[in-house]
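Remarks on the structure that follows.
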Amino acid sequence: MKLHYGDLTDSSCLVKIISEVKPDEIYNLGAQSHVKVSFDLAEYTANVDALGTLRIMDAVRTVGLEKKVRFYQASTSELYGKVQEVPQNEKTPFYPRSPYGVAKLYAYWIVTNYREAYGMFACNGVLFNHESPRRGETFVTRKITRSVAKIALGQMDRFELGNLDAKRDWGHARDYVEAMWIMLQQDTPEDFVIATGETHSVREFVELAFNHIGKSIIWEGDGVNEVGKEKNSGVIRVTVNSKYYRPTEVDLLLGDSTKAREQLNWKPKVTFGELVSEMMEADLQLMKQNPLA
Ligand SMILES: C[C@H]1O[C@H](OP(=O)(O)OP(=O)(O)OC[C@H]2O[C@@H](n3cnc4c(=O)[nH]c(N)nc43)[C@H](O)[C@@H]2O)[C@@H](O)[C@@H](O)C1=O
């Protein structure tokens, strides 16, 4: 395996890498992927997430591999944003709610357009949130499991979150990466929703993470004044800080992956409870080994 340095904002390096490697498959997972950050870095997010996708596809055409390369685009449930129906499937209209979502909307359509215009084997995987112990520390699931692990080990007293009512269809990244690969092994390129079909609130994720360390959380107050307390001791473990709110929020995501289940014979293997446990165990280990992690 060889690592090539490159950047989605640099067309010439993309052409060089693709002409050297002559790949059979390309998985475009590159992005500024943090939704909240995209409000502060809107132009950069558009450049990387929207035009970056165009740059890769054009690089494939420039080197004459458009009939050979299979291309996977990391599309996202953030396209549904202010959801127009519940649950969301491949036919649900899009209504993105962040610069990230809008950039990914461009990417979705340029993939579709290049597939139709140039006969490229290109697929949009419309993946709902997928998590694992490798999740970045500033995404809500990992932020919770890291913080709860630190609380269990006496390294932290409490932590802050934003909107506790947001609901997400959270699956395990391992299952979802398998779906990406299966999409590219088909006879024809198509778009697929990948989701568990279950939705849970941030609040529920917190409760399960604390259950994993033998603690129950009860909630008191409203909005920014809400707190999560340990049921037995009354110690406050979670507070709300409005700095984590987004200017426009995606309140509820729930995916319908019937098409993938029927056509790709794909289904998620890891349950929500197993996902939270795996992430908790990994962060307990990490914080034991390195309290400064
Ligand atoms: C599919 C999609 O999945 C991800 O996007 P995301 O859903 O925005 O992920 P997240 O973990 O940042 O937020 C989930 C929810 O949790 C709420 N929330 C509350 N309190 C905090 C908090 O303290 N931090 C964060 N980050 N979120 C918080 C927040 O307001 C939101 O409603 C990316 O991979 C993206 O690239 C992607 O494509």
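Inside the range 159-169, can you point out the residues that are loosely packed, with under 14 Cβ neighbours inside 10 Å and either in a loop (DSSP other than H, G, I, E, B) or within 18 Å of the chain's Cα centre (by Cα) (or both)?
Hit for the range 159-169 is 165, nothing else.
Within the range 78-98, how many residues are within 11 Å of residue 256 (Cβ to Cβ) and either not in a loop (DSSP other than H, G, I, E, B) or not assigned by TED's automatic domain parsing to the domain that holds residue 30 (or both)?
Summing the residues that are within 11 Å of residue 256 (Cβ to Cβ) and either not in a loop (DSSP other than H, G, I, E, B) or not assigned by TED's automatic domain parsing to the domain that holds residue 30 (or both) in the range 78-98 gives 1.
How many residues does the range 243-271 hold that are within 20 Å of residue 198 (Cα to Cα) and within 14 Å of the ligand (Cβ to nearest atom)?
Total satisfying the criteria: 8.
Residue 64 fails exactly one of the following numbered conditions: (1) under 23 Å from residue 173 (Cβ atoms); (2) among the small types (Gly, Ala, Ser); (3) outside any helix (DSSP H, G or I). What is the number of that condition?
Every listed condition holds for residue 64 apart from (1).
Conditions tested, residue by residue: (1) of a type in the set (Lys, Arg); (2) at positive phi; (3) in contact (Cβ under 8 Å) with a residue 60 or more places away in the chain.
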position: 134; (1), (2), (3): yes, no, no
position: 137; (1), (2), (3): no, no, no
position: 165; (1), (2), (3): no, no, yes
position: 168; (1), (2), (3): yes, no, yes
position: 180; (1), (2), (3): no, no, yes
position: 209; (1), (2), (3): no, no, yes
position: 222; (1), (2), (3): no, no, no
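Tell me, please, whether a residue that is away from the ligand (no atom under 16 Å from the Cβ), at pLDDT 95 or above, more than 18 Å from the chain's Cα centre (by Cα) and part of a loop (DSSP other than H, G, I, E, B) can be found in the range 171-183.
no
Quick test of your reading of the structure: residue 101 fulfils all but one of (1) surrounded by fewer than 19 Cβ atoms within 10 Å (Cβ to Cβ); (2) in a helix (DSSP H, G or I). Name the failing condition by number.
(1)
Looking at 266, 219, can you tell me which residue is outside any helix (DSSP H, G or I), surrounded by fewer than 18 Cβ atoms within 10 Å (Cβ to Cβ) and not assigned by TED's automatic domain parsing to the domain that holds residue 25?
219
Can you name the residue in the range 80-104 that is in contact with a Gly (Cβ under 6 Å, 6 or more places away or on another chain) and within 14 Å of the ligand (Cβ to nearest atom) and, of all such residues, is farthest from residue 250 (Cα to Cα)?
Within the range 80-104, the match that is farthest from residue 250 (Cα to Cα) is 88.
Counting only residues that are within 15 Å of the ligand (Cβ to nearest atom), part of a loop (DSSP other than H, G, I, E, B) and over 19 Å from residue 55 (Cβ atoms), how many does the range 1-42 have?
1
Looking at the range 1-27 only, could you name the residues that are among the small types (Gly, Ala, Ser) and over 23 Å from residue 189 (Cβ atoms)?
6, 11, 12 - these are the residues of the range 1-27 that are among the small types (Gly, Ala, Ser) and over 23 Å from residue 189 (Cβ atoms).
Only one of these is touching a residue at least 12 places away in the same chain (Cβ under 8 Å) and outside any helix (DSSP H, G or I): 243, 229, 288, 259. Name it.
229
The values are calculated or read from the model by the stated rules, or taken from the named source; none is laboratory data. As the structure is a computational prediction, the values presented were derived from the model and not from experiment. Please note: Cβ atoms are built from the backbone with ideal geometry, for glycine as well, and neighbour counts cover all protein chains shown.
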